[in-house]
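The values are calculated or read from the model by the stated rules, or taken from the named source; none is laboratory data. These numbers were taken from a predicted model, which means no experiment stands behind them. Positions of Cβ are generated from backbone atoms using ideal geometry, with glycine treated the same way; all protein chains shown enter the neighbour counts. Note: areas computed on protein heavy atoms with side chains; ligands, DNA, RNA excluded. Shrake-Rupley method; radii C 1.70, N 1.55, O 1.52, S 1.80 Å.
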Amino acid sequence: MIDWLGNRPLLRFTLTVFALLPVCFLIWYYLGNFIAAPAVVLIEPVLLGWLGDTIASVGLRGTDMLVMTHYGETGGLIMSHTEAGNQLAYPVNTRTLSYSIPFFTALHIATPMRASWERFAWCLLGLWLLLAIGLISTTLKDLMLGLGAVFMGHEAVPPTDAIALLYQFSTLMVPPLAPVLLWAYTAKDSPAFIGLLPDSLKPAQDKDSNI
């Protein structure tokens, strides 16, 4: 069995990743608030400094980032929360974006490489930064749809098309693609990764060793 898998590096790698994914996602599920916390801590001063006229506070409640605004709603009208007697808040589910982290973790652990944990740490920082951008774009989208002209009338707010494009890119494209690209970049000099490549893409020395 071992020899059979040894002759099929792609199959061996695929089976290893599929075996690691449930464990990585289980840890991600139970530690979701801790995984999201660095990104929320990073964007809190950004959002308050940039959109402080709209946003009153940013915090993490469980795995949801809760954005409290200075506005309330009465009879369908948006007004100051002091006048409305209530305060509009927008929860952002961090799990819809942070699943890139357990996905990358499974790919990384399945690929032996030099300075493995150092490379993992740098990639984790990159994924946290991308998560922060995704949370910002989701917040902008929620405020745009929830507050409408009251929010879009501020000079610091980007145009509607820019918010929509950033939201779609950072929520639909980044979480599934970023882990694969980071893994491929950090593992590109690993023999295990090179063994997964077709012969036409392998470095010359590796092709010669297979002759």
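Tell me, please, whether a residue that is at pLDDT 95 or above and either among the acidic types (D, E) or more than 20 Å from L51 (Cβ to Cβ) (or both) can be found in segment 76-84. Break it down into steps so the answer makes sense when it comes.
If we filter segment 76-84 for residues that are at pLDDT 95 or above, which is where we start, we get none.
Within segment 76-84, not a single residue is at pLDDT 95 or above and either among the acidic types (D, E) or more than 20 Å from L51 (Cβ to Cβ) (or both).
Of all residues in segment 147-166, which are without any contact (Cβ under 8 Å) to a residue 60 or more places away in the chain and in contact with a strand residue (DSSP E or B) (Cβ under 7 Å, 6 or more places away or on another chain)?
Just the residues of segment 147-166 that are without any contact (Cβ under 8 Å) to a residue 60 or more places away in the chain, to begin with: 149, 152-153, 155, 158-166.
None - no residue of segment 147-166 is without any contact (Cβ under 8 Å) to a residue 60 or more places away in the chain and in contact with a strand residue (DSSP E or B) (Cβ under 7 Å, 6 or more places away or on another chain), so the list stays empty.
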Looking across segment 192-207 at residues that are touching a helix residue (DSSP H, G or I) at 6+ places or on another chain (Cβ under 8 Å) and open to solvent by 70 Å² or more (accessible area, probe 1.4 Å), the single one that is modelled with the highest pLDDT is D199
Test for F34: is it farther than 28 Å from L140 by Cα, part of a helix (DSSP H, G or I) and of a type in the set (A, V, I, L, M, F, W, C): no
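Any residue at all in segment 47-68 that is farther than 28 Å from Q168 by Cα and out of contact with any His (no Cβ under 9 Å at 6 or more places or on another chain)? It would help to see each step written out before you state the result.
Looking only at segment 47-68, we keep the residues that are farther than 28 Å from Q168 by Cα, and these are none.
No, segment 47-68 contains no residue that is farther than 28 Å from Q168 by Cα and out of contact with any His (no Cβ under 9 Å at 6 or more places or on another chain).
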Among residues belonging to segment 57-66 that are in a strand (DSSP E or B) and not β-branched (V, I, T), point out the one that is surrounded by the most Cβ atoms within 10 Å (Cβ to Cβ). M65
Would you check if there is a residue in segment 24-46 being of a type in the set (D, E, K, R) and open to solvent by less than 60 Å² (accessible area, probe 1.4 Å)? no
Select from segment 90-121 the residues that are free of Cβ contacts under 8 Å to residues at least 40 places away in the same chain and open to solvent by 40 Å² or more (accessible area, probe 1.4 Å) and list them in ascending order. P91, N93, A115, W117, E118, A121
Over segment 34-88, the set of residues touching a residue at least 40 places away in the same chain (Cβ under 8 Å) and more than 23 Å from A156 (Cβ to Cβ) is I35, A36, P38
Conditions first: (1) modelled with pLDDT of 95 or more; (2) closer than 29 Å to P9 by Cβ; (3) surrounded by 16 or more Cβ atoms within 10 Å (Cβ to Cβ); (4) not aliphatic (A, V, I, L, M). T69 passes all but one, so which condition is the exception? (2)
Search result, residues across segment 122-139 that are crowded, with 22+ Cβ neighbours inside 10 Å and without any contact (Cβ under 8 Å) to a residue 40 or more places away in the chain: S137
Out of L165, L182, L177, L145, sole residue that is part of a helix (DSSP H, G or I) and crowded, with 21+ Cβ neighbours inside 10 Å: L182
